[in-house]
Amino acid sequence: GRDPQQIFDSLAKGVSTPELKVEMAEGEHYRYIERFRERVSFEGARVTTIDGVRADWPDGWGLVRASNTTPVLVLRFDADSDKALLRIQDVFRKQLLAVDSHLKLPF
């Protein structure tokens, strides 16, 4: 009996990023993800390594993966709030730069 706007208003509100890309030399993005997967440590997160590395916390998640079509790393972030999003990005930033301190991250 609710109208569409009432239904949309009841859905969880969150924040997310578009796809963020880090350009690399051809093939290097695959090697980088392998090194990242071996070294990564996300405290308090459930980590999935099926296609890249995804870390899920109760209030959001981050993902980094190698593109299958272009030599880039693809990153996405989603969280319940701006504060959680910034925290998750900071955790990823530290982990990414620990593998290669010269990465030019777009966040």
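Tallying residues that are under 29 Å from A12 (Cβ atoms) and touching a helix residue (DSSP H, G or I) at 6+ places or on another chain (Cβ under 9 Å) within segment 35-46 yields 5. Within segment 37-56, being among the β-branched types (V, I, T) and over 10 Å from the mean Cα position of the chain (by Cα) holds for V40, V47, T48, T49, I50. For the residues D59, D78, D90, D82, the requirement of being within 10 Å of the chain's Cα centre (by Cα), modelled with pLDDT of 95 or more and not basic (K, R) singles out D78. Taken over segment 67-102, the residue count meeting the criterion of being under 16 Å from R39 (Cα atoms) and either of a type in the set (S, T, N, Q) or touching a helix residue (DSSP H, G or I) at 6+ places or on another chain (Cβ under 8 Å) (or both) is 6. A Cβ distance below 7 Å, combined with a sequence gap of six or more or placement on separate chains, defines the contacts here; from segment 55-77, residues that are of a type in the set (G, A, S) reach residues that are part of a loop (DSSP other than H, G, I, E, B) in the pairs A55/F42; A55/A45; G60/D80; A66/G52.
The values are calculated or read from the model by the stated rules, or taken from the named source; none is laboratory data. Everything numeric here is computed off the predicted structure, so don't read it as measured data. All Cβ positions, even for glycine, are placed from backbone atoms using ideal geometry, and neighbour counts span all protein chains on display.
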